[in-house]
1. Given the DSSP H assignment, sum -39500 (n - 2.57) over each helix run of at least 4 residues in the chain and divide by its residue total; what's the result at 222 nm in deg cm²/dmol, nearest 500?
2. Take the Cα atoms of the stretch 71-129, find their three principal axes, and give me the spread along each one in whole Å, biggest first.
3. Heavy atoms only, probe 1.4 Å: what % of the accessible area of the chain goes to carbon and sulfur, would you let me know?
4. So what's the net charge close to Tyr144: Lys and Arg +1, Asp and Glu -1, counting the other residues with Cβ under 10 Å from its Cβ?
5. At q = 0.13, 0.14 Å⁻¹, what log₁₀ I(q)/I(0) does a Debye calculation on the Cα points of the stretch 34-100 give, no solvent, two decimals?
6. Hey, with R₀ at 41 Å, roughly what FRET efficiency would Arg33 and Gln4 work out to, going by the Cβ-Cβ distance, to 0.05?
7. Restricted to Cα positions, what overall size does the chain have along the principal axes? Three whole-Å values, descending.
8. How many angstrom separate the Cα center of the stretch 131-207 from the Cα center of the stretch 48-120?
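The values are calculated or read from the model by the stated rules, or taken from the named source; none is laboratory data. Note that the coordinates shown come from a computational prediction; the quantities given were computed from them, not determined experimentally. Positions of Cβ are backbone-derived with ideal geometry, glycine not excepted, and every protein chain shown enters the neighbour counts. Heads up: the accessible areas ignore ligands, DNA and RNA and are worked out on the full protein's heavy atoms, side chains in. Shrake-Rupley method; radii C 1.70, N 1.55, O 1.52, S 1.80 Å.
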Amino acid sequence: EQPQRNVDIQSFAIGVYEVSVAEYAAFAKATGRAYQPPTRTDPTTTPATMVSFTDAQAYTEWLSRITGSRYRLPTEAEWEYAARAGTTTLYFWGRELTPGKAHCIACENNLDPRVPAASGAFAANPFGLFDMLGNVQEWTADCYAGNYENAPTDGSAVDNASCEARVARGGAFISGPKGIRSAAREALPADTRNDVTGFRVAREGGE
C-alpha cells in the first residue's frame, strides 16, 4: 500500500452496484460462456461471483459492443478513488469498523456469513456507490505489483505481458476488518474463480 503518491484521476463513470448474477448470466447466455450461477440467492440482487479476471474483461467487451459505449474494469487507482469518496480514513465511514456498515467478518450485521448480501443492503458511500467495502471483492484492471514504486500517476492501470496476478480490491464477506479497508489489496491469478470475487464496471468519460 506504499508509498503514497498523488494521482491525477481522469473523468470516468463507475457502476453504482457490482454486476449482478442476472446481468452476468445474460452475458454468458448471449456469448455461450459457461457459467453456473448460485442457487441460494436472488439473481437480480446478488453480485456475480465465480467470475475470473478474464471473464470480467470479456463481460466489459460484450457490454461495450451492445451499448456502443466504452466499458472496462476500473483501474486500481480509479477504484480506490471511488471507494474513498473523498475520505482519508480506513473506511469511508470513519476510522473504526462500525457495526452494520458492511458485510464482513466482525461487521455485526446479522447476515448469513456464508454468502454475499443483496446489493445495496447497506448505506452508500458519499459518492452514492454501494458495497465498495466488503460483500464481494472486485477485480480491477491492474497487474499486481508488490508496492506503488514507479506506479502511474495518471490513474491508468499497471499492465505487462508477463502479468501473473491481478489486483482485487474491497475485501469480501469472509474478510476481517483489515481486509475491507479502502487501501487493502489482494493479488489473484487472472483465472481465479471463487465465491468471494466479483466486479463492477467503469465507463470512460461521463459522470
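1. -5000 deg cm²/dmol
2. That gives 32, 28, 17 Å along the principal axes, largest extent first.
3. 49
4. So the surrounding residues net to -2.
5. Ignoring solvent entirely, the Cα scatterers give -0.62, -0.70.
6. The computed FRET efficiency comes out at 0.60.
7. 43, 42, 32
8. Here the answer is 9 Å between Cα centres.
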